[in-house]
1. Limited to the range 35-46, what total is found for residues that are in a helix (DSSP H, G or I) and under 11 Å from the mean Cα position of the chain (by Cα)?
2. Using the structure shown, decide if LEU55 is at pLDDT 95 or above, closer than 15 Å to MET81 by Cα and surrounded by 19 or more Cβ atoms within 10 Å (Cβ to Cβ).
3. Give me the pairs, please: first residue somewhere in the range 1-21 and under 15 Å from VAL106 (Cα atoms), second residue anywhere and of a type in the set (Asp, Glu), beta-carbon distance under 6 Å, and either six or more positions apart or on two chains.
4. Hey, can you tell me all the residues within the range 13-46 that are closer than 20 Å to LYS75 by Cβ, aliphatic (A, V, I, L, M) and surrounded by fewer than 18 Cβ atoms within 10 Å (Cβ to Cβ)?
5. Would you confirm, using the coordinates I've provided, whether ILE49 is touching a helix residue (DSSP H, G or I) at 6+ places or on another chain (Cβ under 9 Å), assigned to a strand (DSSP E or B), closer than 19 Å to SER72 by Cα and modelled with pLDDT of 95 or more?
6. Kindly establish whether VAL71 is among the β-branched types (Val, Ile, Thr), surrounded by fewer than 17 Cβ atoms within 10 Å (Cβ to Cβ) and more than 13 Å from the chain's Cα centre (by Cα).
7. Taking the conditions exactly as written (assigned to a helix (DSSP H, G or I) and buried (at least 17 other Cβ atoms within 10 Å of the Cβ)), does VAL4 satisfy them or not?
Amino acid sequence: MARVLVIDDEPDVVRLILKVLSGRGHIVQIARDGATALQRVKLEAPDVILLDSDLPKIDGAEVCRRLKAEVSTQKIPVVMMTSDYVDIYDVGADGGPDAFVVRPFVREVLANVVERALFKRP
């Protein structure tokens, strides 16, 4: 069981992710925008972050860069959800996410990628 912070502003997507991950025994917390997410992580660091690339206020790429630049949060695995083309070299590069999930995603793939990121956590 892990604490997963889901950062996404689309209610239907959040409901689906909540159902999938809580169904596997994880505690899921929600942030609807990048600014709120950064505040929440400072208060209580999750075990893994599932981050949408397209967010209001601060986009997902910038949220990820800030998390990876901060000593207290840089080791938290970040899985980014995107509908864009992803190059394998983008993973873990210079403040980038530790893994990607391409949207629309298959539920089992989402859960496996999040859990794999947890397993690789230092």
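1. 1
2. no
3. If the second residue must be of a type in the set (Asp, Glu), the pairs left are VAL14/ASP8.
4. Once the filter is applied, which keeps residues that are closer than 20 Å to LYS75 by Cβ, aliphatic (A, V, I, L, M) and surrounded by fewer than 18 Cβ atoms within 10 Å (Cβ to Cβ), the range 13-46 yields ILE27, LEU43, ALA45.
5. Yes; evaluated as a whole, the condition is true for this residue.
6. yes
7. no
The values are calculated or read from the model by the stated rules, or taken from the named source; none is laboratory data. Only a predicted model underlies this, so the values are computations on that prediction, with no experimental measurement involved. Quick reminder, even Gly has a Cβ in these numbers, built from the backbone with ideal geometry, and neighbours come from all protein chains shown.
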